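Trainee: Mind having a look at this structure? Questions to follow.
The values are calculated or read from the model by the stated rules, or taken from the named source; none is laboratory data. As the structure is a computational prediction, the values presented were derived from the model and not from experiment. Here Cβ is always computed from backbone atoms with ideal geometry, including for glycine, and neighbour counts include all displayed protein chains.
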Amino acid sequence: MILRADEVRKDFPRAGKSSNYFTAVYPLDFVLESGQFTVITGKSGSGKSTLLNMLAGMLTPSGGKVFLDDKDIYSLDEKTLARLRNEKIGLIPQGHTALLSLTVLENVLLPYILYNKAQPPEKKAKDLLDQVGIASLMEARPNELSGGELRRMAIARAMLMEPSILLADEPTAGLDSENTIAVLSLLRQAADEGAAVLVVTHENEADHFTDHVLTMDGGRLKG
Amino acid sequence: MISLKNLPYKNLKGYAGRTAALLLFSMLMALATFGGTMVISGIRAGLNKVESRFGADIMVTPEDAKNDFDAQNVLLKAEPGYFYMEKGKMDEIAKVDGIEKMSAQLFMASAKAGCCSAKVQMIAYDPATDFTIQPWIADTYTDGPMGLMDVVVGSNVTVYDNHIIRFYDNDCRIIGQFAPTGSTLDNCVYMNYDTVKVLIKASFKKGLNQYSEYDPDDVISAVMIKVRPGADIEKVAGDITKQVDGVSVATSKNMVAGIGDSLKKISGSVSFFTVTFWLIGTLMTILIFAMMINERKREFASLWAMGASRKIISDLVIREAVVVNLAGGILGIVLSALILFMFKDLIGQVLGVGFLIPGPVTIILLAGAALLSVLLAAAISAWIGVRRISRMDASLVLKEGQ
């Protein structure tokens with residue numbers, strides 16, 4: 001499966017002046033292929049998260065197109081795009097993304113229950129939690145977890161549906177080196193098993209795990 | 001295990017404080033709307049019952065009974081009393097044009113003394129001419145005409161196991177009890193002429209009757225009149241006043257006017273409070289929901305990132321709103337019903353009007369309407385919440401406030 005961006009651009013209106021825009025991402029081309037682990041590095045505000053969100057089907061580009069295989073994802077209606085995101089794209093957003101009223105295990109199972117009425121794959125979720133090293137916390141509430149543990153929970157959740165595309169926004173931010181290695185190893189493993197993996201980060205600890213490292217600066221992607 | 005179906009319940013449980021606040025406000029809304037409409041409906045039911053039970057268009061009483069008989073309040077506040085006029089007044093009244101039926105009644109009040117079981121108003125009727133009491137007695141007692149010392153009692157009169165009530169050392173047999181009217185009619189004891197004459201004579205003997213100079217066979221207390229179809233009640237009443245000396249005339253309109261006026265005032269106040277409570281409840285529900293959406297916007301954005309469509313997220317918010325408001329609404333209705341049933345007499349006393357619990361169909365309809373009003377508040381707040389979520393830029397929300 002190939003995720004491709006053709007000439008994608010993102011402009012945001014400036015606060016207070018509707019006629020004035022700033023460009024977060026200048027027109028760029030990008031390709032993410034199955035089995036590849038790509039990292040985009042760059043400073044905060046360089047536009048890497050904006051690019052990732054456009055690739056994830058979360059943020060409509062101001063120009064250009066995003067294709068999943070040959071399908072222009074932004075030509076799909078909202079419902080179909082949401083379903084595609086659920087089945088094909090595993091997104092690990094920045095920060096804490098847990099539902100506080102659910103246990104860690106229930107949070108991991110969430111993507112499955114959105115469109116399936118069958119018994120959720122509990123064993124698989126437990127295995128994923130084991131792989132990210134927080135199996136012992138499966139019955140805990142998110143507010144009992146540290147930032148690093150919450151991030152690992154988000155990774156397990158993103159991998160539950162065995163997505164073809166894994167997109168992670170700063171997945172190792174705030175993690176100690178041991179947890180950082182565990183998380184990146186897991187993403188590398190996903191790529192080795194056939195997923196197309198993209199990590200955006202402003203740190204360089206992922207360099208040893210990746211196939212490609214790109215840099216984003218001022219909304220422009222450099223090889 | 002978790003499912004999309006039970007997710008709203010888990011969220012409500014997870015945010016216990018917010019859920020409790022929503023429950024409280026929806027409960028108060030339902031309590032106010034159901035309670036308010038029940039009170040108005042109960043007063044109307046009381047008014048209708050009194051009107052139909054009163055049965056006569058005109059009531060003629062002795063003119064000098066004015067101190068004991070206030071037509072506008074007699075059905076709401078009257079103390080047991082009695083007054084008499086000559087039986088011959090009947091013949092004079094009969095000459096007035098426009099009368100279809102007329103029947104005399106004889107009043108007596110029991111004493112608080114040990115000779116009587118309770119202080120009640122006794123009303124005796126003439127079985128041959130009566131048209132106001134016997135139709136109602138037929139509802140409660142069907143074994144032929146009432147015999148000597150038989151009585152039928154109003155709903156507020158205590159009936160003991162032996163079905164005996166004692167007046168002036170005479171035992172009367174209770175053969176029936178009327179349904180409540182919410183008026184002073186509920187405190188009355190009904191009997192035929194023969195029975196009341198025995199009791200009046202007994203009260204003379206005991207020195208407990210201020211009219212001992214009268215012969216019970218020659219007096220009456222009131223004349224109940226039904227006018228001919230098409231006749232003007234006010235005109236007939238006016239003609240009686242003109243043509244018959246020494247009498248006071250009250251029409252049924254005057255008799256229930258007090259209740260009608262009270263009904264209007266109370267209905268206005270109750271409606272005002274009901275609408276105010278509902279508006280405050282709705283505003284609070286909207287406010288709490290807006291806070292909830294703000295508090296959980298990262299959760300909704302995360303759900304979107306996981307592939308939840310806007311419809312799934314909207315359904316989630318709507319179901320949370322409906323579940324909590326429905327639960328609060330049902331609680332409010334049950335609580336309101338309990339208060340109304342437990343304190344119905346007190347409510348009538350406090351409001352100063354007759355109050356009857358409406359029938360089951362009315363109760364169900366009012367409960368349904370109260371639930372709908374609460375659900376309307378839920379729908380408005382959920383709609384506002386859903387609009388806020390649908391306008392939210394999920395990618396931006398996930399970036400900010402990590």
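Trainee: Taking the condition within 11 Å of chain B (Cβ to nearest Cβ), outside any loop (DSSP other than H, G, I, E, B) and either in contact with a helix residue (DSSP H, G or I) (Cβ under 9 Å, 6 or more places away or on another chain) or without any contact (Cβ under 8 Å) to a residue 24 or more places away in the chain (or both), does A:L187 pass?
Mentor: Working: within 11 Å of chain B (Cβ to nearest Cβ): no; outside any loop (DSSP other than H, G, I, E, B): yes; either in contact with a helix residue (DSSP H, G or I) (Cβ under 9 Å, 6 or more places away or on another chain) or without any contact (Cβ under 8 Å) to a residue 24 or more places away in the chain (or both): yes.
It is false that A:L187 is within 11 Å of chain B (Cβ to nearest Cβ), outside any loop (DSSP other than H, G, I, E, B) and either in contact with a helix residue (DSSP H, G or I) (Cβ under 9 Å, 6 or more places away or on another chain) or without any contact (Cβ under 8 Å) to a residue 24 or more places away in the chain (or both).
Trainee: Scan the stretch A:88-101 residue by residue and report those that are facing chain B (nearest Cβ under 7 Å) and either more than 17 Å from A:R151 (Cβ to Cβ) or among the charged types (D, E, K, R) (or both).
Mentor: Correct list: A:S101 only.
Residues checked against (1) part of a helix (DSSP H, G or I); (2) not assigned by TED's automatic domain parsing to the domain that holds B:A94:
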residue: B:A202; (1), (2): yes, no
residue: B:V223; (1), (2): no, no
residue: B:V236; (1), (2): yes, no
residue: B:V249; (1), (2): no, no
residue: B:S271; (1), (2): yes, yes
residue: B:T274; (1), (2): yes, yes
residue: B:F277; (1), (2): yes, yes
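Trainee: Sort out which residues of the stretch B:1-46 are in a helix (DSSP H, G or I), of a type in the set (F, W, Y) and over 30 Å from B:L346 (Cβ atoms), and write them in order of number. Lay out the reasoning, then the answer.
Mentor: Within the stretch B:1-46, the first condition is being in a helix (DSSP H, G or I), and the residues that meet it are B:7-14, B:16-46.
Cutting the leftovers down to of a type in the set (F, W, Y) gives us B:9, B:25, B:34.
Result: B:Y9, single match.
Trainee: Do you know which of the residues in the stretch B:218-253 that are touching a strand residue (DSSP E or B) at 6+ places or on another chain (Cβ under 9 Å) and of a type in the set (S, T, N, Q) is farthest from B:P127 (Cα to Cα)?
Mentor: B:T241
Trainee: Restrict the check to the stretch A:90-105 and report whether at least one residue is more than 18 Å from A:N53 (Cβ to Cβ), at pLDDT 95 or above and not in a loop (DSSP other than H, G, I, E, B).
Mentor: yes
Trainee: What is the number of the single condition among (1) within 30 Å of B:V151 (Cβ to Cβ); (2) within 31 Å of the chain's Cα centre (by Cα) that B:L279 does not meet?
Mentor: (1)
Trainee: Ok, one more. A:S49 fails exactly one of the following numbered conditions: (1) within 22 Å of A:K222 (Cα to Cα); (2) modelled with pLDDT of 95 or more; (3) within 11 Å of chain B (Cβ to nearest Cβ). What is the number of that condition?
Mentor: Going through the list (1) within 22 Å of A:K222 (Cα to Cα); (2) modelled with pLDDT of 95 or more; (3) within 11 Å of chain B (Cβ to nearest Cβ), A:S49 breaks only (2).
Trainee: Turning to a different aspect of this structure: Across the stretch B:251-264, what is the total count of residues that are β-branched (V, I, T), in a helix (DSSP H, G or I) and out of contact with any Asp or Glu (no Cβ under 6 Å at 6 or more places or on another chain)? Walk me through it before giving the result.
Mentor: Applying the first criterion (β-branched (V, I, T)) to the stretch B:251-264 yields B:251, B:256, B:259.
Remaining after also requiring in a helix (DSSP H, G or I): B:256, B:259.
Now drop any that are not out of contact with any Asp or Glu (no Cβ under 6 Å at 6 or more places or on another chain), which leaves B:259.
Within the stretch B:251-264, residues that are β-branched (V, I, T), in a helix (DSSP H, G or I) and out of contact with any Asp or Glu (no Cβ under 6 Å at 6 or more places or on another chain) number 1.
Trainee: Of the residues B:V323, B:V317, only one is in contact with a Pro (Cβ under 8 Å, 6 or more places away or on another chain) and at negative phi; which?
Mentor: B:V323
Trainee: Could you pull out the residue among B:S262, B:S271, B:S302 that is at pLDDT 85 or above and touching a Leu at 6+ places or on another chain (Cβ under 9 Å)? Break it down stepwise before answering.
Mentor: Numbers: B:S262 fails: at pLDDT 85 or above; B:S271 fails: touching a Leu at 6+ places or on another chain (Cβ under 9 Å).
Sole residue among the options that is at pLDDT 85 or above and touching a Leu at 6+ places or on another chain (Cβ under 9 Å): B:S302.
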